[in-house]
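Since the structure comes first, as structure tokens, the remarks are kept for the end.
The values are calculated or read from the model by the stated rules, or taken from the named source; none is laboratory data. All values derive from a computational prediction rather than experimental measurement. In this analysis, Cβ positions are derived from the backbone assuming ideal geometry, glycine residues included, and neighbour counts consider all displayed protein chains.
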Amino acid sequence: MVKINSKAPDFSEDAFINGDIKKISLSDYRGKWVVLFFYPADFTFVCPTELRELADNYEKFKRLNAEVISVSTDTAFVHKAWHDTSDSIKRIKFPMAADPARRITRSYDTLIEEEGLSLRATYLIDPEGYIKAYEFHNNDIGRSITEIMRKLQAAKFVSENSGKVCPMNWEPGKKSLTPESNLIGKI
């Protein structure tokens, strides 16, 4: 199982991106934060609501030096067909990675073997390729893009501010903490 602060498993698979199908690798994005966004399947119900919200916030992620890559076990051709028919999916400008051989989903422990589908999962990977946060959801529960953005901002903050930590509900501009013995029992 992958763990926090472990190297994110690299992959090289086809992706649908900007009207084209091309091979992408996680290592192509070294030097950027990566939001790796696993979802069960194209042409479903909760997935397009999440992906539409992610697409609508894509520029905000890019301003944080982050790339978004969505992943499902569908082929890149199915991603294209969904893009061509769904108003929500037409908004997507980030790579939609295809994992029909289930290599990515297995390496990130998101695969539901008996269904051949991925769990809803999100990984935040730092510019050096290390996993800084992840979360898994039951496939019936959609994620909050606002919370993913907040976690990314917090991960960036502690990465850029050695010795600082972010308390509950921290957001940019709010007070962080410096763990010191004089704070013990006073928070």
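Details
- Number of the condition not met by Met96 [criteria: (1) buried (at least 21 other Cβ atoms within 10 Å of the Cβ); (2) within 14 Å of Ile145 (Cβ to Cβ)]: (2)
- Candidate set from region 22-60 (those that are among the aliphatic types (A, V, I, L, M) and touching a residue at least 60 places away in the same chain (Cβ under 8 Å)); member that is nearest to Ala97 (Cα to Cα): Ile24
- Any hit, region 13-22, residues being assigned to a strand (DSSP E or B), within 16 Å of the chain's Cα centre (by Cα) and not aliphatic (A, V, I, L, M): no
- Tally, over region 142-169, of residues that are in contact (Cβ under 8 Å) with a residue 40 or more places away in the chain, assigned to a loop (DSSP other than H, G, I, E, B) and either surrounded by fewer than 14 Cβ atoms within 10 Å (Cβ to Cβ) or among the polar types (S, T, N, Q) (or both): 0
- Flag for Phe94 being modelled with pLDDT of 95 or more and not in a helix (DSSP H, G or I): yes
- Criterion violated by Thr122 - all others in (1) outside any loop (DSSP other than H, G, I, E, B); (2) without any contact (Cβ under 8 Å) to a residue 24 or more places away in the chain satisfied: (2)
- Looking only at region 144-162, and only at residues there that are of a type in the set (D, E, K, R) and out of contact with any strand residue (DSSP E or B) (no Cβ under 6 Å at 6 or more places or on another chain), the one that is nearest to Ala41 (Cα to Cα): Glu147
- Selected residue (criterion: nearest to Arg102 (Cα to Cα)) from residues of region 1-12 that are among the small types (Gly, Ala, Ser) and assigned to a loop (DSSP other than H, G, I, E, B): Ala8
- Annotation: of all residues in region 97-119 being in a loop (DSSP other than H, G, I, E, B) and charged (D, E, K, R), the one that is farthest from Lys22 (Cα to Cα) is Glu114.
- Test for Val2: is it β-branched (Val, Ile, Thr), surrounded by fewer than 22 Cβ atoms within 10 Å (Cβ to Cβ) and more than 19 Å from Tyr123 (Cβ to Cβ): no
- Residues being more than 22 Å from Lys156 (Cα to Cα) and hydroxyl-bearing (Ser, Thr, Tyr) - total across region 26-59: 3
- Asp87 vs. criteria modelled with pLDDT of 95 or more, more than 17 Å from Glu128 (Cα to Cα) and loosely packed, with under 13 Cβ neighbours inside 10 Å: yes
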